[in-house]
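The block underneath contains the structure these notes are about, expressed in structure tokens.
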Amino acid sequence: MDTAVIQKDLGLPVGEAIFGKTILILGFGAIGMEIAKRLRPFGVKILATKRNWSSNTVSCDLDGLVDKKGGPEDMYELVREADIVITCMTLNNESVGIVDHKFLSALKKGSYLINIARGRLLDYTAVFNHLESGHLGGLGIDVAWTEPFDPEDPILKFPNVIITPHVAGITELVCTCFFAIHRVVGDVALKLHAGEPFTEIEFVN
């Protein structure tokens, strides 16, 4: 619909519902779990990967939340079922470029990729090529391969790419928390510099 407005193609642009879709969450930590909680009411099937499911301290919350669980070794099996992939993984030596040509080729044609974790989880060339070929239905990213993101980056030529410059989660509530954190950190720094003792502990909710 956004593209239709930009192109002045007025009328009745048809949106795409996620009801009945299969969504794969790569990296089912705290953020992945919160995403699943928000997706569940929309009637989706949720697949998820996690290195160690038994380490989840809130495993009791998983009942009815994830339809199929897997580890890193199950990633290619699960991605074949997905209509949408959301990456929430930690970036480390093992996960750099994990969404590569092999991964994207395993996706169904027209599937969508969303990255809210770290830009380098995605292999740039592989993503670009799959967008260009039309195999990848769309890309939504709040993180980039290099930041700040180059506004002239060729990947922005695709109409099915949406990027936010690492600010998709910034709301008035988050800003309020940030300001509170800054105040506490500033107060602590001043006390340390002045050599003053700490007489209380401050908490930021």
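The values are calculated or read from the model by the stated rules, or taken from the named source; none is laboratory data. These numbers were taken from a predicted model, which means no experiment stands behind them. FYI the Cβ positions are ideal-geometry reconstructions off the backbone, even for glycines, and counts take in every protein chain you see.
Pairs, please: C-beta under 9 Å, at least 6 apart or cross-chain, first residue β-branched (V, I, T) and in region 110-131, second in a helix (DSSP H, G or I)?
Filtered contacts from region 110-131: I116/I31; I116/I35; T125/H101; V127/L104; V127/I155.
Does region 142-155 contain any residue that is closer than 26 Å to D74 by Cβ and either touching a residue at least 40 places away in the same chain (Cβ under 8 Å) or outside any loop (DSSP other than H, G, I, E, B) (or both)?
no
Considering only region 156-179, state which residues are under 22 Å from T90 (Cβ atoms) and either in a strand (DSSP E or B) or charged (D, E, K, R) (or both).
Correct list: I163 only.
Among the listed residues T171, T164, T176, T199, identify the single one that is in contact with an Asp or Glu (Cβ under 9 Å, 6 or more places away or on another chain), of a type in the set (S, T, N, Q) and either surrounded by fewer than 11 Cβ atoms within 10 Å (Cβ to Cβ) or at pLDDT below 95 (or both).
T164
Any residue in region 46-65 that is small (G, A, S) and closer than 23 Å to A168 by Cβ? Lay out the reasoning, then the answer.
Just the residues of region 46-65 that are small (G, A, S), to begin with: 48, 54-55, 59, 64.
Of the ones still in play, those that are also closer than 23 Å to A168 by Cβ are 48.
There is at least one residue in region 46-65 that is small (G, A, S) and closer than 23 Å to A168 by Cβ.
Considering region 125-147 alone, what residues qualify as being surrounded by fewer than 17 Cβ atoms within 10 Å (Cβ to Cβ) and under 18 Å from the mean Cα position of the chain (by Cα)?
Within region 125-147, T146, E147 meet the criteria.
Can we say F28 is assigned by TED's automatic domain parsing to the domain that holds Y76, in a loop (DSSP other than H, G, I, E, B) and within 15 Å of the chain's Cα centre (by Cα)?
Spelling it out, F28 is indeed assigned by TED's automatic domain parsing to the domain that holds Y76, in a loop (DSSP other than H, G, I, E, B) and within 15 Å of the chain's Cα centre (by Cα).
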